[in-house]
Amino acid sequence: MRTDLHRHLTRPLTSVRNLGILAHVDAGKTTVTERILYLTGTTHKRGEVHDGTTVTDFDPQERDRGITIFAAAVSCGWDGHRINLIDTPGHVDFADEVERSLRVLDGAIAVFDAVAGVEPQSESVWRQADRYGVPRIAFVNKMDRAGADLDAAVDSIRRLHPSPLVVQMPIGAEAGFTGVVDLLRMRSLVWADGLDTAEEGPVPDALREEALRRRRLLEEAVAELHPLALEEFCAESALGEQTLTRALRDLTRTGDGLVVLCGSAYRNRGIEPLLDAVVAWLPSPLDVPAVRGTADGSEQERAADPAAPFAALAFKVQAGATGRLTYLRVYSGTLRKGETVMDAGARRTERVARILRVRADRHAELELAVAGDIVAVVGPKAARTGSTLCAPGAPLVLEPPTVAEPVVSVA
Ligand code: GDP
């Protein structure tokens, strides 16, 4: 039975991405988030229209959906995957909150401004993400702005990462930025005005030579970093799409390479390939190391296994129309609706009355939540940000409670 449960519940976890968006204030984090929610929320709608595309309508009501970006985590779907988008405060003044959100996510998109490139604040958030070993991909946003320059932005990114791997080439510049060449598939993606879905086609003749040059640079950079890619490169003097894709996934997960994409969130250009990149290259909860915590004074490890004892970190408590919502990253075990859990730090038990998946347009009620997932629960009254909720029989503290330092008088 346990094995069946395990098999049933762990399989979909490979298609979960717990994702954060890291950015300097003003780089476009809000706009990128809004566009992701819009695109992922309309995928089902898109299927209903006959030509396969819909006109993006940013009317005030549609934009109101952006309100949900203030939720601590919102779930959306893309290409058969569930993306839990976790809010990461962009301001260094919220260092604690930034660190806690970095802790609960498995991967992130780092957003940069195509004109300003890396700024001091992007650097500090980047270093925090380094400390937590968060795999990242980079998105150079605002390609439509006057002065936007992908190559210059990538050069500034070298201050943060020695091996940026640029997988796209812009088509057009500034106000004329209309799309990208996907250097892996050597196809062009162009967004016509008013359409939210790219039109795919061959690389335009005028861009072919430059695209091939950039593809070659990408292959060389990847071969230098990845042993298998190097082998193929030496044998064939080139890298195939499959090897490149696999190598980019490995390099993203180890942090040895940084995939760079570009676009304009404001004009809804480049967001679909960005979502494809999240799904292709960033890790699932099963691809990241087991969480560590303390139990009875000794350190313990808990794997992302639905059959293990339940343990979850409360990373945000928010008041909402639904009541007091406690956002949880479930690290191990399975939580069922109606169950009693223990707040491990406070040694207090609490009942979980409801489990919710927070979405842009509605909250879905869940019967259970399993290791690797991010959900909001209603019921716990005393749990605070940073509390560990766990199975009463298997206490584990994931994060030491923040206690004020005792005042020590020095003689
Ligand atoms: P945040 O502070 O990182 O959340 O940034 P916002 O998403 O609020 O964006 C900051 C400003 O940049 C806003 O005025 C946006 O409209 C604008 N912006 C965001 N994305 C783009 C883009 O792709 N192109 C241009 N030209 N402006 C953008």
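The values are calculated or read from the model by the stated rules, or taken from the named source; none is laboratory data. Just so you know, these numbers come straight off a predicted model, no measurement behind them. Heads up, the Cβs are rebuilt from the backbone with ideal geometry, glycines too, and the neighbour counts pull from every protein chain shown. Note: areas computed on protein heavy atoms with side chains; ligands, DNA, RNA excluded. Shrake-Rupley method; radii C 1.70, N 1.55, O 1.52, S 1.80 Å.
Relative contact order, whole percent, for the chain stands at 17, derived from Cα pairs under 8 Å and 6 or more residues apart. Remark: accessible surface ordering of Asp144, Asp296 (largest first) is Asp296, Asp144, probe radius 1.4 Å.
On the stretch 227-334, 49 percent of the accessible area sits on carbon and sulfur atoms, based on a 1.4 Å probe.
Taking Pro12, Pro120, Pro89 in turn, the Gaussian network model of the chain (Cα-Cα springs below 10 Å) assigns the largest fluctuation to Pro120. Here the label points at Asp276 and Leu207, each 7 Å from Cα along the C-beta direction, are separated by 1.3 nm in the simple model. For the chain, the longest principal axis of the Cα atoms and the long axis of helix 95-104 meet at an angle of about 90 degrees. Packing here is the average count of other Cβ atoms within 10 Å per residue, and on that basis the peptides 348-357, 310-319, 233-242, highest first, run 310-319, 348-357, 233-242. Comparing Ala290, Ala321, Ala221 in a Gaussian network model of the chain, where Cα atoms under 10 Å apart are tied by springs, the biggest mean-square fluctuation is seen for Ala321. Using the Cβ-Cβ distance between Met186 and Glu99 with R0 = 45 Å, the FRET efficiency computed as 1/(1 + (r/R0)^6) comes to roughly 0.65. Between the helical axis of 271-281 and the longest alpha-carbon principal axis of the chain there is an angle of about 60 degrees. For the set Trp78, Trp191, solvent exposure ranked by accessible area (probe 1.4 Å, protein chains only) runs largest to smallest as Trp78, Trp191. Per-residue extension of 0.36 nm, minus the Cα-Cα distance of Glu236 and Glu199, leaves a gain of 10.1 nm for this segment. Net charge of the neighbourhood of Ala382, taken over other residues with C-beta under 9 Å away and scored Lys/Arg +1, Asp/Glu -1, is +1. Pairs of Cα atoms nearer than 8 Å and 6+ residues apart set the relative contact order; for the stretch 107-203 it is 21 percent. Expressed as an acute angle from 0 to 90° and rounded to the nearest 10, what is the orientation of the C-alpha long axis of helix 120-131 relative to the principal long axis of the chain? Result, in degrees: 60. If the elastic network links every pair of Cα atoms under 10 Å, which of Leu366, Leu335, Leu22 fluctuates the most in the Gaussian network model of the chain? Of the options given, Leu366 has the highest mean-square fluctuation.
The count of lysine pairs in the chain that are at least 8 places apart or cross chains, and whose C-alpha atoms lie under 23 Å apart, stands at 5. Net charge in the neighbourhood of Ile21 (other residues with Cβ under 9 Å of its Cβ; Lys, Arg +1, Asp, Glu -1) is 0. Electrostatic bookkeeping for Asp343 treats Lys and Arg as +1 and Asp and Glu as -1; over the other residues with beta carbon under 13 Å from its beta carbon, the sum is +3.
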